[in-house]
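The block underneath contains the structure these notes are about, expressed in structure tokens.
The values are calculated or read from the model by the stated rules, or taken from the named source; none is laboratory data. Just so we're clear, the structure is a prediction, and the values are computed from it rather than from any experiment. Cβ placement follows ideal geometry from the backbone for every residue including glycine, while neighbour counts extend to all protein chains displayed. Keep in mind that these areas ignore ligands, DNA and RNA; they rest on the heavy atoms of the full protein, side chains included. Shrake-Rupley method; radii C 1.70, N 1.55, O 1.52, S 1.80 Å.
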Amino acid sequence: MPSEQWTHPEPGDGPAAVAAQPSPEQVIAGLRATSEGGAELTQLLTPEGERVPSPQFDKYVDDVDDEALRGLYRDMVLVRRADREANAMQRQGQLGIWVPLLGQEAAQIGSGRALKKNDMAFPSYREHGVAYARGVDMKDLLGIFRCTDHSGWDYQGTGFHPYTIVIGNQVLNAAGYAMGQKFEGKVGDDDGEATICYFGDGATSQGDVHEGFVWAAVYDAPLVFFCQNNQWAISEPTERQSRLPLYQRARGYGFPGIRVDGNDVLACLAVSRWALDECRHGNGPVLIEAFTYRMDAHTTTDDPSRYRLSDELEEWKLKDPIERVRAFLARKGGADHDFFDQVQAEADAFAADLREYTFNMPEPPPERIFSNVYAEGNPVLEAQREEFLSYLDGFVSAGEH
Amino acid sequence: MTDLQKLTIGKALNLGLRRAMEEDPKVLIMGEDVGKLGGVFRITDGLQKDFGEQRVLDTPLAESGIIGTAVGLAVRGFRPVCEIQFEGFIFPGFDQISSQLAKLHYRTQGKIKMPVVIRVPFGGGIGAVEHHSESPESLFAHIPGLKVVSISNAVDAYWGIQQAIKSDDPILFFEPKRLYHSGALRAEIDVAGTPQQMFSSQVVREGTTATVVAYGPSVKVALDAAAAAEDEGKSLEVIDLRTLSPLDLGPVFESVRKTGRLIALSEAPSESSLTSEIAARVQQECFYSLEAPVLRVTGFDTPYPPAKLEEHYLPDLDRVLHAVDRSLAW
Ligand SMILES: Cc1ncc(C[n+]2csc(CCOP(=O)(O)OP(=O)(O)O)c2C)c(N)n1
């Protein structure tokens with residue numbers, strides 16, 4: 001319903017326009033206006049799997065032939081299957097908690113596959129799909145959720161920063177990293193480096209995120225802010241965080257903002273490539289709002305039946321990011337049944353492997369509590385460690401362990 | 001008139017909040033997910049339904065915002081009760097707490113009062129990921145101008161939250177999250193009765209061999225240790241501090257003069273903490289009564305470890321008993 005959208009009054013609009021306040025209904029309509037594919041929403045693939053041309057963005061996915069498309073499909077199926085397996089493992093008591101990405105596969109695979117080797121990604125905690133796209137072994141993520149580890153992959157090698165749980169913190173960290181890329185002269189041409197930073201719609205309320213916008217803007221940092229607007233921050237809808245569609249906020253900080261269909265992997269790939277390209281050439285930062293939906297609970301400890309209606313979920317199921325690629329591939333003859341069956345079998349094997357790994361994950365020894373608190377020694381801690389270990393030994397020698 | 005109800009800590013807090021809101025229309029509840037969801041721990045369950053969205057505010061996701069606006073609302077005459085979802089997320093609001101909330105009364109020579117309560121679920125033992133199991137209370141006890149409270153049982157939950165809301169001073173109210181819904185800690189409360197003074201510590205079990213002082217979730221550990229010690233013929237006195245700033249150490253001094261031994265127990269790291277403060281003050285006041293140095297049983301001076309290791313990190317009954325033995329062996 002783009003006609004209902006409330007746009008911000010301009011100074012030239014006269015006193016009446018400036019004085020007009022939007023009603024709560026107008027605010028909500030404005031925030032959601034482009035969810036149905038309004039003019040402001042960049043979309044290359046409809047929910048029915050039809051390709052929509054885009055004069056601005058088609059060139060960013062020129063190279064995506066049937067094979068590449070099958071690759072994107074496969075990525076999303078594998079990631080979803082892993083997500084469902086982890087969710088099930090949490091239910092079986094094998095993981096302490098799980099943060100589902102169901103419904104956000106296109107946003108994550110599209111943006112993740114747009115990154116180049118030397119780029120850096122700063123995730124929050126739901127970016128399992130981006131991790132996969134960066135080449136992080138998904139097994140290495142599971143330690144966090146089995147509570148054996150706080151993180152656990154090769155950050156430099158993969159270009160994928162540790163997960164960040166405190167909402168918004170990573171946005172400033174990403175700004176600093178991108179400033180570093182700029183200070184080292186790594187931007188300016190096609191081979192330039194860029195950074196991408198992920199956060200949710202709720203996160204946009206945090207001071208850290210605003211400060212990140214300011215820093216990146218005034219230092220021209222090559223940073224793509226990638227907001228996955230999945231409509232909810234636990235129980236709070238986007239209208240609890242903003243009056244304006246989130247992508248429009250970028251303007252106030254002096255850089256471009258764009259809203260992309262977050263359930264359209266092709267559009268997410270194209271828009272992310274464009275934004276990263278801007279950054280590589282020194283024209284960053286850019287804000288991308290990927291308009292998507294969290295199809296499962298916030299985490300396995302959440303109960304969405306308390307705050308959202310099942311209608312909403314049903315509506316979004318029709319926009320499933322995987323189904324539309326499948327329909328597109330099938331329609332154009334880019335893949336046959338065998339292919340889809342084979343991807344499914346591969347996904348099942350992928351999940352089984354994760355399961356087996358999780359069940360056999362070794363528990364960390366008690367001395368791990370004390371390791372790596374400091375890069376350099378700390379005698380107080382060293383003494384504490386010795387004392388605790390000998391205390392534990394006491395149980396063993398007393399036959400109590 | 002008496003009105004006896006059997007309540008868990010969580011239910012007692014919920015009822016205490018409800019009473020405070022009924023009594024004073026200026027009391028507001030604000031925080032992330034406190035409305036429809038009733039908070040992630042359901043402590044504010046049902047309150048928005050009954051008091052409306054202007055008294056129970058689902059705020060934007062920003063702790064500095066929650067606390068900073070609570071300061072402004074207090075200036076305007078409201079009595080905000082802020083919920084911080086988990087203790088690890090209080091730090092975006094630390095600046096507002098330490099710079100404004102704690103100091104406005106002093107800076108204005110008492111002209112501005114700050115009747116703000118910040119409820120903070122804290123402590124470990126729930127098998128959570130990072131930032132969900134910490135014990136940062138010493139950091140707040142170190143800030144002049146704040147009062148810091150930590151409850152350990154349902155009676156104090158029910159009365160303490162109401163007294164905190166009535167207080168004209170800003171109060172950090174630390175709640176032992178792993179005990180919220182513990183059936184074992186359900187207590188019979190006369191919800192129409194009269195409360196005892198909250199800003200005081202309390203002997204919760206009498207004993208003669210040694211004293212254990214604790215607060216929040218550790219009080220239960222201390223009581224369990226005391227029960228186990230009894231089987232070994234040792235009699236532990238347990239004191240619940242209840243208020244962490246200001247500290248009411250009178251009953252602790254008195255107890256140490258009787259037992260001659262003190263174990264200070266807490267989940268927080270030990271260096272520069274509340275247990276350090278207790279040890280210093282007790283040796284100053286009770287030097288000639290002490291039969292052994294004050295011993296501390298605490299978390300380690302490390303970040304909170306991955307939860308698979310928390311059984312080692314968190315002080316348990318055995319570590320308390322071990323400290324008692326060390327004290328006795330002196
Ligand atoms: C500073 C901080 N406050 C509160 C929380 C608790 N919390 C975890 S996730 C979440 C909601 C986040 O919503 P959003 O930013 O939209 O991201 P999403 O989880 O929907 O992807 C909250 C409130 C937190 N992790 N950090």
Ranked from highest to lowest mean number of other Cβ atoms within 10 Å per residue, what is the order of the peptides B:202-209, A:320-327?
A:320-327, B:202-209
Suppose we look only past 40 Å in the calculated P(r) of chain A. What percent of the Cα-Cα pairs does that tail hold?
20 percent
Beta bridges per DSSP with both ends in the protein assembly as shown, % antiparallel, nearest 5:
20 percent
Amide H within-cut-off set for B:Val204, under 5 Å, with H built and near neighbours excluded:
B:Val238, B:Ile239, B:Asp240
Label the stretch A:130-187 by shape, choosing from rounded, prolate and oblate, from the square roots a ≥ b ≥ c of the eigenvalues of the Cα gyration tensor; if a/c is under 1.5 it is rounded, and otherwise prolate applies when a/b is larger than b/c, oblate when it is not.
oblate
So the angle from the long Cα axis of helix A:379-397 to the longest Cα principal axis of chain A, reported in degrees to the nearest 10, equals 60 degrees
According to the square roots a ≥ b ≥ c of the eigenvalues of the Cα gyration tensor, what is the shape class of the stretch B:192-244, taking rounded for a/c under 1.5, prolate for a/b larger than b/c otherwise, and oblate for the remainder?
prolate
Any idea of A:Asp393's accessible area? Nearest 10 Å², probe 1.4 Å.
100 Å²
Using the Cα gyration tensor of the stretch B:182-330, with a ≥ b ≥ c the square roots of its eigenvalues, what is the shape: rounded (a/c below 1.5), prolate (a/b larger than b/c) or oblate (neither)?
rounded
Inside 10 Å of the C-beta atoms of A:372-382, what's the mean count of C-beta atoms belonging to other chains?
2
Cα-based radius of gyration of the stretch B:243-295 once divided by 2.2 N^0.38 Å, which approximates compact folds
1.07
Each residue of B:315-326 has, on average, a number of other protein chain C-beta atoms within 10 Å of its C-beta equal to 1
Pairwise burial A:B, computed as accessible area of each alone minus the pair, summed, 1.4 Å, Å²:
3500 Å²
Considering only C-alpha atoms, what is the centroid distance from the stretch B:189-232 to the stretch B:21-96, in Å?
30 Å
Mean projection of the alpha-carbon convex hull of the protein assembly as shown over all orientations, in nm²?
35.8 nm²
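Carbon-plus-sulfur fraction of the accessible area of the protein assembly as shown, 1.4 Å probe, in percent?
50 percent
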Can you tell me the dipole magnitude for the protein assembly as shown around its Cα centre, using point charges on the Cβ only (Lys, Arg +1; Asp, Glu -1), in Debye to the nearest 20?
1840 debye
Counting only heavy atoms of protein chains, what accessible area per residue, in Å², does chain B have with a probe of 1.4 Å?
38 Å²
Per GNM of chain B with C-alpha springs under 10 angstrom, the most fluctuating residue out of B:Gly38, B:Gly183, B:Gly88 is B:Gly183
Quick one: check the C-alpha center-to-center distance for the stretch A:106-120 versus the stretch A:197-225, whole angstrom.
18 Å
Between A:Ile97, A:Ile165, A:Ile196, find the one with the highest GNM mean-square fluctuation for chain A; connect C-alpha pairs within less than 10 Å.
A:Ile165
Taking amide hydrogens as modeled 1.01 Å from N in the peptide plane, which residues meet the under 5 Å criterion relative to B:Gly31, leaving out close sequence neighbours?
B:Leu57, B:Thr59, B:Glu83
Cut-off 10 angstrom, C-alpha nodes, Gaussian network model of chain A. Which of A:Ala82, A:Ala20, A:Ala221 fluctuates the most?
A:Ala20
Quick one: which of B:Lys49/B:Lys177; B:Lys26/B:Lys166; B:Lys113/B:Lys166 span more than 21 angstrom between C-alpha atoms?
B:Lys49/B:Lys177
Run through the DSSP bridge list for chain A and note the antiparallel percent, rounded to the nearest 5.
10 percent
Positive end of the dipole of the stretch B:139-222, charges at C-beta (+1 Lys, Arg; -1 Asp, Glu), about the Cα centre: which of B:Leu146, B:Ala222, B:Thr194 has its Cα farthest in that direction?
B:Ala222
Considering Cα pairs under 8 angstrom that are at least six residues apart, work out the relative contact order of chain B and quote it in whole percent.
17 percent
Angle between chain B longest axis and helix B:317-328 axis [Cα atoms, degrees, rounded to 10]
50 degrees
Which residues' amide hydrogens lie under 5 Å from the amide hydrogen of B:Phe122, considering only partners 5 or more residues apart or on another chain, with H built in the peptide plane?
B:Glu175, B:Lys177
Counting heavy atoms of the protein chains only and a 1.4 Å probe, report the per residue accessible area for the stretch A:202-360 as a whole number of Å².
37 Å²
May I ask which residue of A:Met361, B:Pro251, B:Pro176 lies farthest towards the positive end of the charge dipole of the protein assembly as shown, with charges of +1 (Lys, Arg) and -1 (Asp, Glu) on Cβ and the Cα centre as origin?
B:Pro251
Asserting the computed 222 nm helical MRE of chain B (DSSP H runs at least 4 long, -39500 (n - 2.57) per run, divided by residue count, to nearest 500) equals -9500 deg cm²/dmol
Per-residue average of Cβ from other chains inside 10 Å of B:126-132
6
Could you tell me the center-to-center distance, by alpha carbons, between the stretch A:144-186 and the stretch A:339-357 in angstrom?
29 Å
With all pairs of different alpha carbon atoms counted, what Kirkwood hydrodynamic radius in Å does the stretch B:58-128 show?
12.8 Å
Defining a contact as two alpha carbons under 8 Å apart and six or more residues distant in sequence, what relative contact order in percent does the stretch B:28-136 show?
25 percent
Kirkwood Rh, angstrom, the stretch B:2-61 [1 / mean 1/r, Cα pairs]
11.7 Å
Given charges of +1 on the Cβ of Lys and Arg and -1 on the Cβ of Asp and Glu, with all other atoms neutral, how large is the dipole of chain B about its Cα centre, in debye to the nearest 20?
860 debye
Test item: Cα-centred dipole of the stretch A:257-301, Lys/Arg +1 and Asp/Glu -1 on Cβ, debye:
80 debye
Contact order normalised by length for chain A, with contacts defined as Cα pairs under 8 Å and 6 or more residues apart; what percent is it?
22 percent
